[in-house]
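Scroll down for the structure; my scribbles are underneath it.
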Amino acid sequence: MTAAVPTTTASRRLGVRTLPGVYAPQHDTHLLLRALARETVRPGSEVIDLGTGSGLLAVAAARRGAHVTAVDVGRRAVLTARLNALLARQRVTVHRGDLADPVPGETYDLVLSNPPYVPSPLGPPPRRGSARAWDAGHDGRAVVDRICDAAPYLLRRGGVLLMVHSDLTNTEATLRRLTRGGLRAEVSDAASVPFGPVLLSRLPWLRGRGLLGEHADEENLVVIRAEQP
């Protein structure tokens, strides 16, 4: 998730409510929402949103007639997603849990995810607190790699994974990992956005690691699309 601090103003524009401490929709959410709009979602399609946060993406898929499951590790996120589904009058099944753990053995036509992906100098991802929505270890891949490894087992034949993350997280590593799992993977969309407060606070560390150029002032976001042949 992009390293800007969540804002309730952006959420209200989208008709989304977020409880305190829940990640509110931002640039990365909008980018993934745009990618979702390009996909064929037939009535009755099975969709799962991993790390649903506000539930915006899950609700968007439900509006197109999909049967949607949403999962988040945070109690407040689960409550928020349920609230937003209720307000939108859409049926979304929301579970609290770690990625797809609450739905063992299930497969889907579409997997959506806006996972934590911001490289952090603090080491392992936090187990609690709002930073859990964006901090993802030194390389930002603590959750991204797990999704890449799970995707081949979650997707039905012809199924698609749509995942957004920062180029700081190493886009090529994501494509390689998904390809090794037998998926056809590509970057389907990208956008450059201003640094948010979290990245701004880490600029010296990120530049010291060679993740950012000395004069870079924007974060590059990518949508990864991977399809099960």
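We did not get these values from a lab; they are worked out from the coordinates using the rules stated. Note that the structure is a prediction, hence the values are computed from the model and not measured. Don't worry about glycine lacking a Cβ; one is built from the backbone with ideal geometry, like all the others, and counts go over all protein chains shown.
Quick look at the numbers
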item	result
Under Karplus coefficients 6.51, -1.76 and 1.60, residue-wise ³J(HN,Hα) of segment 164-170 in Hz, glycine/proline x	10, 7, 7, 5, 4, 7, 6
Net dipole in debye of segment 63-186 [+1 Lys, Arg Cβ; -1 Asp, Glu Cβ; about Cα centre; nearest 20]	520
Hydrodynamic radius by Kirkwood, which averages 1/r over all alpha carbon pairs of the chain, in angstrom	17.4
Value at 222 nm in deg cm²/dmol, rounded to 500, when DSSP H runs of n ≥ 4 in the chain each add -39,500 (n - 2.57)	-9000 deg cm²/dmol
Extension gain (nm, one decimal) between R76 and H95, 0.36 nm per residue minus Cα-Cα	5.7 nm
Segment 8-227: antiparallel DSSP beta bridges as a percent of all, rounded to 5	45
Distance from segment 94-123 to segment 174-229 (C-alpha centre basis), Å	18
Calculated SAXS-style log₁₀ I(q)/I(0) at q = 0.18, 0.34 Å⁻¹ - segment 88-130, Debye, Cα scatterers	-0.83, -1.36
Dipole of the chain, positive direction: furthest Cα of P121, Y153, P25, with charges on the beta-carbon	P25
Magnitude of the charge dipole, the chain, Cβ model with Lys/Arg +1 and Asp/Glu -1, debye to 20	760
Hz values of 3J(HN,Hα) by residue in segment 153-162 - Karplus curve (6.51, -1.76, 1.60), Gly and Pro given as x	8, 8, 8, 6, 4, x, x, 10, 9, 10
Relative contact order for the chain, counting Cα pairs under 8 Å that sit 6 or more residues apart, in percent	20
Full-stretch length increase - L203, S130 - with 0.36 nm per residue and alpha-carbon distance subtracted	24.3 nm
